[in-house]
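Since the structure comes first, as structure tokens, the remarks are kept for the end.
The values are calculated or read from the model by the stated rules, or taken from the named source; none is laboratory data. If you're wondering where the values come from, they're calculated on a predicted model, not measured in any experiment. Cβ: placed from backbone, ideal geometry, glycine included. Neighbour counts: every protein chain shown. Surface accessibility is based on the protein's heavy atoms, side chains included, excluding ligands, DNA and RNA. Shrake-Rupley method; radii C 1.70, N 1.55, O 1.52, S 1.80 Å.
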Amino acid sequence: MMGERLGYAPGVFDLFHVGHLNILRRARGHCDRLVAGVCSDELVVRLKGRPPVVPLAERLQIVRSVRYVDETFVATVDDKIQIWKEVGFDVIFKGDDWLGTDVWTTLEAEFARVGVKVLYFPYTVHTSSTLLRDALRLLGEQSPSEPPPGQLAGPRPSGTGS
């Protein structure tokens, strides 16, 4: 479609949380169509040194189901210019925790040369996949004979009254 502004929101989208939703919702407000770039499991291992908790096929299902997303793209390389050559987006979205970093300052200049705008959105500070992963790890380390704090121990045996 002529004049359609295509946006691209890259991410791992592991342990999908409200921060991911915020980026996708805000991104959709700045383009006509939104492509969510979901990193392959292999790329996540290369970038972060560990695999995602949620496998790619499931992350794709989750991201595709978000109403702000028109389509998904599996990113197998970290080279955003290479991805731009494949996807052809007009604007790329990123959390503002990347603003001013060497990587994104360089990317902004490279994208400016090809007419792509970089838009940053506020990072959702109170939640992240890293925080969720750490919480899950801590829960997993607790003794299985003891329920985690705030969790019921289980049903009462029948006949014990209330």
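Just one of the listed residues (Ser145, Ser65, Ser129) is exposed (fewer than 11 other Cβ atoms within 10 Å of the Cβ), among the hydroxyl-bearing types (Ser, Thr, Tyr) and at pLDDT below 95, namely Ser145. Looking at Gly11, Gly100, Gly19, Gly37 in this structure, which one is open to solvent by 30 Å² or more (accessible area, probe 1.4 Å), among the small types (Gly, Ala, Ser) and under 19 Å from Phe121 (Cβ atoms)? It is Gly100.
Looking across region 22-34, the residues that are open to solvent by 10 Å² or more (accessible area, probe 1.4 Å) and not in a loop (DSSP other than H, G, I, E, B) come down to Asn22, Ile23, Arg25, Arg26, Arg28, Arg33. For region 76-86, the tally of residues that are of a type in the set (A, V, I, L, M, F, W, C) and over 19 Å from Tyr120 (Cβ atoms) stands at 1.
Assess whether Lys48 counts as being surrounded by 20 or more Cβ atoms within 10 Å (Cβ to Cβ) and of a type outside the set (A, V, I, L, M, F, W, C). Spelling it out, it is not the case that Lys48 is surrounded by 20 or more Cβ atoms within 10 Å (Cβ to Cβ) and of a type outside the set (A, V, I, L, M, F, W, C).
Taking the conditions (1) free of Cβ contacts under 8 Å to residues at least 40 places away in the same chain; (2) within 25 Å of Phe111 (Cα to Cα) in turn, Leu56 satisfies each one other than (2). Of the residues that make up region 36-51, is at least one among the polar types (S, T, N, Q) and farther than 20 Å from Ile83 by Cα? No - not one qualifying residue is present in region 36-51.
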